[in-house]
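Values quoted throughout were computed directly from the atomic coordinates according to the rules given, and no laboratory measurement underlies them. Model, not experiment: these values are computed from the prediction. Note that each Cβ is placed from the backbone with ideal geometry, even for glycine, and that neighbours are counted across all protein chains shown.
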Amino acid sequence: PLWADYVTTPACPLEAFRRARRGRIDDGGDEEAPTVVELGSGVGLASLAAAFAGCRVHATDGSPSSIRLLEENFGRYADDCPFPPTASMMEWG
C-alpha cells in the first residue's frame, strides 16, 4: 500500500496541494490531514507551503547539503504549521 496520499516533485507540488486541500473539504472537514511526499525538495519551499496548507509533509532530497538546508528552514519557519514537516536523505534513480 502507498503510505502517502500524494507523491510530488518540485515540478507539480501546487496541484498536489490543491487536490489535498480539496479532498479535506470534500470529505466534510475530516480532521485526517493528507500526507505529501516531495521528491527532490531542494530548500523546502514547496514542502513548507504544503505544511502551512495543513498537509503532513515528508521532504526528501539526494543531496546532504539540501537535507541540511531543509532541516534548517523547517526549524526556522515551520513553527506555525499544523504538522511540522520532516526531511530525509533519499536517492532515487
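Things to note:
- The range 33-93: chymotrypsin sites (Phe, Trp or Tyr not before Pro) in DSSP coil with no more than 14 other Cβ atoms inside 10 Å: Trp92
- Near the amide H of Gly40, within less than 5 Å, lie the amide hydrogens of Thr60, Asp61, Gly62, all on another chain or at least 5 residues away, with H placed in the peptide plane.
- Neighbour cut-off at most 15 other Cβ (10 Å), DSSP loop, trypsin sites (Lys or Arg not before Pro), the range 56-90: none
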